[in-house]
Amino acid sequence: MPTPHDLGYRSLFAHPELVRELIADFTSFTLFDDVALSAFERVNPAYVSDHLSARQDDIVWRVRLGDEFLYVYILLECQSGVDRWMALRMQTYIGLLFQDLIKGHELSPGLLLPPVLPLVFYNGVPRWSASMDLSGLLMQAPDELAALQPSQRYVLIDQQRLDKTALEANASLLALLFRLELSAAPDVSKNVFAALTTWFKGSPQANLRRSVQVWINALLARGASKEELRMVDSVEEGADMGGKLAIWAEQFEELGFQKGSAEGMEKGMEKGKAEGQVIALRGVLGRLLRNRFGALPAPATQRIGHATQAELEQWFERSLNAPSLQTVFDDGAPAT
């Protein structure tokens, strides 16, 4: 079940700029360094297998390289423990992707399947110990069968284990946000927020600025109690961006934000259970909608206040690119 922070990262990686930064700055691959953002295209990952098992939480992009496409599959493991079966999961998801491409007649002229870059983004506290190759999960086969056994590898980006010195030397937006999440000392948070203020002033992209705000709010919500969540949600939407950033910086200190410690992560995971997740989702969605469409009418506020987690997640996804408030709630019931 996605947490608010999962959704925050999903909103970030809905932008090709940050997908390219993730690969260029946090993996060893250089193939996208000089690729234009116009070559990136988001793919709907809601694949359905023969048993109607849908994948809706992952992020898939395809990137044109010359005359061919390469696919990037990003699996988010935010606040999660280590999944022993990750290599098997990745093989299954990529298999569903291939099936979808075949059904949609989206293969190359030679009817060949495209290459895939499988990424696992993990920010849990325990060190990642799962095998990164499917072969590590298989019994040793007799020599005659060894060549027939399946193989699948993935690339792990372990946020908690990133090199702090390299991270501080990196001026990209994603590195700045990672520093904020990993910051334990108030002065570091202040430095990061000062850099974020400069970025907000220079960024002309409203959608990307909105996603960064969603991510920061989700990060704050993860570390807050139910009472503190109401405080986080009380930021005035009409305030200037510099004022919002100053308020956020204060809230990081007031909440005792310690992202680098296991204790803080355990508290965040505990607060992320059922009721806390729904409360946080309501706050994040409300802020996002007010940022996009202004003051919310009473019926819309009431619907958010009584919505289930599934409804909130669906509206969150729609709200990132919806042209109007009505289209966010567009299921037959009026929002205004």
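Summary table
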| quantity | calculated |
| --- | --- |
| Criterion violated by Phe316 - all others in (1) surrounded by 18 or more Cβ atoms within 10 Å (Cβ to Cβ); (2) modelled with pLDDT under 85; (3) over 20 Å from Asp58 (Cα atoms) satisfied | (3) |
| Selected residue (criterion: nearest to Leu22 (Cα to Cα)) from residues of the range 70-105 that are touching a residue at least 24 places away in the same chain (Cβ under 8 Å) and among the charged types (D, E, K, R) | Glu77 |
| Those residues of the range 122-163 which are surrounded by 12 or more Cβ atoms within 10 Å (Cβ to Cβ) and among the small types (Gly, Ala, Ser), in sequence order | Gly124, Ala130, Ser131, Ser135, Ala141 |
| Any chance Ala184 is modelled with pLDDT under 85 and surrounded by 12 or more Cβ atoms within 10 Å (Cβ to Cβ) | yes |
| Flag if Ile157 is closer than 25 Å to Val19 by Cβ, touching a helix residue (DSSP H, G or I) at 6+ places or on another chain (Cβ under 7 Å) and among the β-branched types (Val, Ile, Thr) | yes |
| Boolean, Leu174 is touching a Leu at 6+ places or on another chain (Cβ under 6 Å), open to solvent by less than 60 Å² (accessible area, probe 1.4 Å) and modelled with pLDDT of 85 or more | yes |
| Any hit, the range 78-98, residues being in contact with a strand residue (DSSP E or B) (Cβ under 8 Å, 6 or more places away or on another chain), surrounded by fewer than 19 Cβ atoms within 10 Å (Cβ to Cβ), within 23 Å of Ala130 (Cβ to Cβ) and polar (S, T, N, Q) | yes |
| Of all residues making up the range 87-121, the number that are in a helix (DSSP H, G or I) and either farther than 29 Å from Gly136 by Cα or not small (Gly, Ala, Ser) (or both) | 15 |
| Test: residue in the range 227-247 that is at pLDDT 50 or above, within 20 Å of the chain's Cα centre (by Cα) and open to solvent by less than 70 Å² (accessible area, probe 1.4 Å) | no |
| Candidate set from the range 28-76 (those that are surrounded by fewer than 17 Cβ atoms within 10 Å (Cβ to Cβ), over 20 Å from the mean Cα position of the chain (by Cα) and part of a strand (DSSP E or B)); member that is modelled with the lowest pLDDT | Val48 |
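The values are calculated or read from the model by the stated rules, or taken from the named source; none is laboratory data. These figures come from a predicted structure and were not determined experimentally. Cβ: placed from backbone, ideal geometry, glycine included. Neighbour counts: every protein chain shown. We work out accessible area using only protein heavy atoms, side chains counted, and drop any ligands, DNA or RNA first. Shrake-Rupley method; radii C 1.70, N 1.55, O 1.52, S 1.80 Å.
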